[in-house]
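Asks: Please find one structure pasted underneath; my questions will follow.
The values are calculated or read from the model by the stated rules, or taken from the named source; none is laboratory data. Keep in mind the model is a prediction, meaning the values are calculated, not measured. Virtual Cβ from ideal backbone geometry, glycine too; neighbours counted across all protein chains shown. Areas reflect the complete protein model, heavy atoms only, side chains present, ligands, DNA and RNA absent. Shrake-Rupley method; radii C 1.70, N 1.55, O 1.52, S 1.80 Å.
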Amino acid sequence: MSLLDIKGLNLSIHSTQILRDVSLSLEEGKVLGLIGESGSGKSMTALSVMQLLPNGAEMSGQIMFADRDLTAQTESQMCALRGGDIGMIFQEPMTALNPVQTIGDQVAESVRIHKGFGRREALIEARKVLDKVELPAAEFPLNRYPHQLSGGQRQRVGIAVSIACNPKLLIADEPTTALDVTTQAEILALIKRLVLEDRMAAIFVTHDLAVVSDLADSIAIMKSGEIVEAGPTRKVLAEASHPYTAALLEASAHAPERFDVSADTPLLEVRSLTCTYPGRRQHLLHKPDPKIAVNKVSFTLQRGESLGLVGESGCGKSTLARTILGLITPQSGQIALDSGTVPNGQPMPRHMRAKMQVVFQDPFSSFNPRHRVARLITEPFHLLPNPPKGAERENAISDALASVGLAPSDARKYIHEFSGGQRQRIAIARALIARPELILLDEAVSALDVSIRAQILDLLSDLAQKFGLSYLFISHDLHVVRAITDRVLVMKSGKIVESGSTEDVLHNPVHPYTRSLLAATPVLSI
Amino acid sequence: MLRYALKRLVSLLGALAVASVVVFAAIEVIPGDPAAYMLGLNAAPETVAALRAELGLDAGPIARYINWVTGMLQGDFGISYTYRTPVSEMVGDRLWISLPLALYALALSTIIAFPVGIWAASKRGTSVDIGIMGFTQLGVAIPNFWFAMILVVIFAINLRWFSAGGFPGWGGGLFPGLKALTLPAIALALPQASILSRVMRSALVDMLDQDFMRTARAKGLTQGQALRRHALRNAMIPVLTILGLQFSFLLAGAIIIENVFFLPGLGRLIFQAIAQRDLIVVESVVMILVFAVILVTFLVDLAYAAVDPRLRVH
């Protein structure tokens, strides 16, 4: 007898079909991996089980949970199930907790709702649950607020909220996507332990096959609102009988064809660069100690080379990128690009800035939504002494769009008319248009689905060869760094702790930090 | 929290010091000699000079500023040029009308606005929400003096429940005083409640789409419980800001309503003082209002920190 049995679930929101004939079943104590790219309907399937669908949703089909049809429950019956027999963890630990309530109260609330405990008893229970998710009382008293915790710690609180009443079914919707690799590994280990200890059944929703491959007993692969393949994990991954599964597996291990174009002439030289931020004032009369974000970093990037920079969030890699771009003036150190040097402590001269461009992570928020593509991608022209005008400008726009695989007619559209992958292509076109020598890619493919990511990596590799570009590729994802870079720098707490050729560093890591990063990276085990 | 409060207190004192200089300097540059004004057009120059000396107007500006400030710190606001009575007494009498009126109106506005705003937000997009928003739009648009006159026509003239104006004083007990202030307070509260309920609704609606509201629902709270337990406190920051501004406005800006109901409040006092060039009264009342506004801002700042723990560290 299965705990959860979804039969022929159809869902449309404002008459747009989201799910088509989805059927799934899950035994007690088993883990189901629900895998798909963004928009595949995997989160909506999870929310259908919770009956927490957005307004305008129309559903048909059956969702049997412990012999009850969830689609036929009243709202108050569902309230008794949510957080009671069914717990749910969400993706964004930074925003999923109430910022003005203590973590103790937030965990205790679940207990109060479902077990009818008073505040005092519920807080005692909350303490036990927080201990269980490895937030010990000494460091994490109940009166902590979410803003005093890191992302991983907040996700632990989120897990504590969802398991406080020992649910029979735990639904985890991309619970580790927003976290660093090492934190992700810890959270995955925690979820695995809880599922085993309490014999909970779990649905683990993710876009990353590697994350669930050694956690899930069975997996279901979704595409455009349908389940294209489902079965025991090993079998599905080994056989990959559906072409989409095969394509997904290929894309997640995709390495673009690369051509060695690097020469032995340095393009970018960074010498003992230090950047500090003003720290928090500890005493009213004392000057606050500065916070060192980048600590005496030196490296050289050769012309035509693709250099990787890896490290976890907060290690200073984005500050380093911004300093190289001239957006932040460093406290000390030199940056030399091509033949120009930045005078010490002064802003970067314009002619140097014109030689490099950047592509950021978020393809949705890094464009002004009220400008047309033509205006968006010609922005770097203001760095040039004689920007092209008239027909010359039109040609430059068409060329830039063509080189990233878009049509010249796209220049007249607005950014909301494009998908995430297309937006990232537009960001690359913007970076290319002023013909820079160096492009900084700050987590440029991290927000993309695996299949789109594979296409963008291919595009970057082609462009490097065609235009003789150099890349500084900043990422926390070692798979991507391995696929696209020649050399790699490993950064921790503002310092470069290890550097060398990508293959060497990733195969024979010397520094313990590099080793822990590698160990934490999920590997697709087939 | 204590450090935060101390820091706010220091900035409160700084703001008061700056405000006193600005108020003093502004009065200095206004043309017109109070002594000449008091004695009339035909006064002899010697008499005017004598009066100037008596009023302390012949001293230098810095000496007069120091005099004025030290006087105020001791509760001595000087003597009114026109009425020859201590300013502190005049202001004290008026404050006992204006302050209760402002608090009364603010309480009414809050009592109306909170449930209305919460109700509209919880019925977002429905006819209830649209209806409430339409009504509050009207409440903002109707001039309060006109509304005050309608209130007088209905409740004072036709129904005879309240008197049409005037104030019996607090000597006769709490009830007659409050009764006399009821119609003016309602007239003042209507537009304030309309604004406040709109702010409340939009702040709550912003919260409804937050991730933590989804978490709250996934815990098993109903939509209404999630709104009251989680959204409400998060929505308080903009509401507190508006409440603070409204109190300041109600204290000093009630002049039209005071005139409609013949209430001798602070607004009327300052209006008369300006007309009569009674500069010492103007200075003092302005300074008291500045103090009230800064004090309310301070209290609102403390309330922010009480509501949102993230603000306590700065």
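Asks: When you scan segment B:112-120, do you find a residue that is under 20 Å from B:G224 (Cα atoms), surrounded by fewer than 20 Cβ atoms within 10 Å (Cβ to Cβ), of a type outside the set (A, V, I, L, M) and in contact (Cβ under 8 Å) with a residue 40 or more places away in the chain, even just one?
Replies: yes
Residue-by-condition table, conditions (1) under 17 Å from B:T82 (Cα atoms); (2) without any contact (Cβ under 8 Å) to a residue 24 or more places away in the chain; (3) exposed (fewer than 11 other Cβ atoms within 10 Å of the Cβ):
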| site | (1), (2), (3) |
| --- | --- |
| B:L2 | no, yes, yes |
| B:A5 | no, no, no |
| B:R8 | no, no, no |
| B:S11 | no, yes, no |
| B:G14 | no, yes, no |
| B:A19 | no, no, no |
| B:V22 | no, yes, no |
| B:A25 | no, yes, no |
| B:G40 | yes, yes, yes |
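Asks: Among the numbered criteria (1) within 25 Å of A:R322 (Cβ to Cβ); (2) in a helix (DSSP H, G or I), which single criterion is violated by A:Q455?
Replies: (1)
Asks: In segment A:186-208, which residues are under 14 Å from the mean Cα position of the chain (by Cα) and over 14 Å from A:V31 (Cβ atoms)?
Replies: Passing the criteria: A:H207, A:D208.
Asks: Please find, within segment A:383-393, the residue that is most open to solvent (accessible area, probe 1.4 Å) out of those that are touching a helix residue (DSSP H, G or I) at 6+ places or on another chain (Cβ under 9 Å) and free of Cβ contacts under 8 Å to residues at least 12 places away in the same chain.
Replies: Among those residues, the one meeting the criterion is A:P387.
Asks: How about segment A:321-368: which of its residues are part of a strand (DSSP E or B) and aliphatic (A, V, I, L, M)?
Replies: Going through segment A:321-368, the residues part of a strand (DSSP E or B) turn out to be A:332-337, A:340-341, A:356-359.
Passing the criteria: A:I335, A:A336, A:L337, A:M356, A:V358, A:V359.
Asks: Under 6 Å between Cβ atoms, which residue pairs at least 6 apart in sequence (or on different chains) link something in segment B:174-200 that is more than 20 Å from B:N259 (Cβ to Cβ) and of a type outside the set (A, V, I, L, M, F, W, C) with a partner that is assigned to a helix (DSSP H, G or I) and open to solvent by less than 20 Å² (accessible area, probe 1.4 Å)?
Replies: Correct list of pairs: B:S194/B:T136; B:S194/B:G139; B:S197/B:A113; B:S197/B:G117; B:S197/B:T136; B:R198/B:T136.
Asks: Could you figure out which of (1) surrounded by fewer than 19 Cβ atoms within 10 Å (Cβ to Cβ); (2) of a type in the set (F, W, Y); (3) farther than 30 Å from B:L240 by Cα isn't true of B:Y81?
Replies: Result: B:Y81 passes all but (1).
Asks: Report, ordered by the first and then the second residue, all pairs with beta carbons closer than 6 Å, sequence separation of six or more or different chains, a first member in segment B:209-225 that is under 18 Å from A:A80 (Cβ atoms) and at the interface with chain A (Cβ under 8 Å from one of its Cβ atoms), and a second member that is hydroxyl-bearing (S, T, Y) and surrounded by 22 or more Cβ atoms within 10 Å (Cβ to Cβ).
Replies: Cβ pairs passing all conditions: B:K219/A:S110.
Asks: Taking segment B:253-267 on its own, how many of its residues are surrounded by fewer than 19 Cβ atoms within 10 Å (Cβ to Cβ) and either out of contact with any Gly (no Cβ under 7 Å at 6 or more places or on another chain) or in a loop (DSSP other than H, G, I, E, B) (or both)?
Replies: Quick first cut of segment B:253-267, residues surrounded by fewer than 19 Cβ atoms within 10 Å (Cβ to Cβ) only: B:253, B:255-256, B:259, B:262, B:264.
Subset that is either out of contact with any Gly (no Cβ under 7 Å at 6 or more places or on another chain) or in a loop (DSSP other than H, G, I, E, B) (or both): B:253, B:256, B:259, B:262, B:264.
The qualifying residues number 5.
Asks: Right, something else. Checking A:L457 against (1) farther than 23 Å from A:Q422 by Cβ; (2) at pLDDT 90 or above, which single condition isn't satisfied?
Replies: It fails just one condition, (1).
Asks: Those residues that are touching a Lys or Arg at 6+ places or on another chain (Cβ under 7 Å) and open to solvent by 10 Å² or more (accessible area, probe 1.4 Å), I need them from segment A:79-89; list them, please.
Replies: Once the filter is applied, which keeps residues that are touching a Lys or Arg at 6+ places or on another chain (Cβ under 7 Å) and open to solvent by 10 Å² or more (accessible area, probe 1.4 Å), segment A:79-89 yields only A:D85.
Asks: Let me ask something additional. For B:L250, state whether it is more than 11 Å from chain A (Cβ to nearest Cβ), outside any helix (DSSP H, G or I) and either open to solvent by less than 30 Å² (accessible area, probe 1.4 Å) or under 24 Å from B:T126 (Cβ atoms) (or both). Walk me through how you get there before you give the answer.
Replies: Details: more than 11 Å from chain A (Cβ to nearest Cβ): yes; outside any helix (DSSP H, G or I): no; either open to solvent by less than 30 Å² (accessible area, probe 1.4 Å) or under 24 Å from B:T126 (Cβ atoms) (or both): yes.
So B:L250 does not fit the description; no.
Asks: Filtering segment B:79-111 down to residues that are charged (D, E, K, R) and in contact (Cβ under 8 Å) with a residue 60 or more places away in the chain, which residue is farthest from B:E258 (Cα to Cα)?
Replies: B:D93
Asks: Moving on. So B:R310 fits all but one of (1) touching a residue at least 40 places away in the same chain (Cβ under 8 Å); (2) surrounded by fewer than 22 Cβ atoms within 10 Å (Cβ to Cβ); (3) of a type outside the set (G, A, S); what number is the exception?
Replies: Result: B:R310 fails condition (1) only.
Table: residues versus (1) away from chain B (no Cβ under 11 Å); (2) assigned to a helix (DSSP H, G or I); (3) open to solvent by less than 10 Å² (accessible area, probe 1.4 Å).
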| position | (1), (2), (3) |
| --- | --- |
| A:H147 | no, yes, no |
| A:Q153 | yes, yes, no |
| A:C165 | no, no, no |
| A:I171 | no, no, yes |
| A:T176 | yes, no, yes |
| A:E186 | yes, yes, no |
| A:L190 | yes, yes, yes |
| A:L196 | yes, yes, no |
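Asks: Among (1) assigned to a loop (DSSP other than H, G, I, E, B); (2) touching a residue at least 24 places away in the same chain (Cβ under 8 Å), where does A:E139 come up short?
Replies: (2)
Asks: Hey, another quick one. Identify, please: which residue in segment A:48-78 is surrounded by 20 or more Cβ atoms within 10 Å (Cβ to Cβ) and within 21 Å of B:D211 (Cα to Cα) and is, among those, farthest from the other protein chains (Cβ to nearest Cβ)? Talk me through it step by step, then tell me what you get.
Replies: First, the residues of segment A:48-78 that are surrounded by 20 or more Cβ atoms within 10 Å (Cβ to Cβ): A:48-51, A:63, A:65, A:70.
Subset that is within 21 Å of B:D211 (Cα to Cα): A:48-51.
Working: A:S48: 13, A:V49: 11, A:M50: 6, A:Q51: 10 Å.
Top of the filtered list is A:S48.
Asks: A further question follows. Hey, can you tell me all the residues within segment B:144-173 that are in a helix (DSSP H, G or I) and in contact (Cβ under 8 Å) with a residue 24 or more places away in the chain? Walk me through it before giving the result.
Replies: Keep residues of segment B:144-173 that are in a helix (DSSP H, G or I), which gives B:144-158, B:170-172.
Scanning segment B:144-173 gives B:N144, B:F145, B:F147, B:A148, B:M149, B:L151, B:V152, B:F155, B:A156, B:W170.
Asks: So which residues in segment A:204-260 are open to solvent by 20 Å² or more (accessible area, probe 1.4 Å), under 27 Å from A:L457 (Cα atoms), part of a strand (DSSP E or B) and among the hydrophobic types (A, V, I, L, M, F, W, C), if there are any at all?
Replies: A:V228
Asks: Does B:R94 fit the bill of being in a helix (DSSP H, G or I), open to solvent by 40 Å² or more (accessible area, probe 1.4 Å) and of a type in the set (D, E, K, R)?
Replies: yes
Asks: Next question, about the same structure. Determine whether B:I195 is more than 13 Å from the chain's Cα centre (by Cα) and either more than 30 Å from B:L138 (Cβ to Cβ) or away from chain A (no Cβ under 14 Å) (or both).
Replies: Numbers: more than 13 Å from the chain's Cα centre (by Cα): yes; either more than 30 Å from B:L138 (Cβ to Cβ) or away from chain A (no Cβ under 14 Å) (or both): yes.
When the stated conditions are applied, B:I195 passes them.
Asks: If you go through segment A:79-137 one residue at a time, how many are within 7 Å of chain B (Cβ to nearest Cβ), closer than 28 Å to B:L311 by Cα and not β-branched (V, I, T)? Give the steps one after another, and end with the answer.
Replies: Our first condition is that a residue be within 7 Å of chain B (Cβ to nearest Cβ); within segment A:79-137, this holds for A:79-80, A:82-84, A:88, A:90, A:92, A:95-100, A:109-110, A:113-114.
After this cut, where a residue has to be closer than 28 Å to B:L311 by Cα as well, the list is A:90, A:92, A:95-100, A:109-110.
Restricting the remaining residues to those that are not β-branched (V, I, T) gives A:90, A:92, A:96-99, A:109-110.
Within segment A:79-137, residues that are within 7 Å of chain B (Cβ to nearest Cβ), closer than 28 Å to B:L311 by Cα and not β-branched (V, I, T) number 8.
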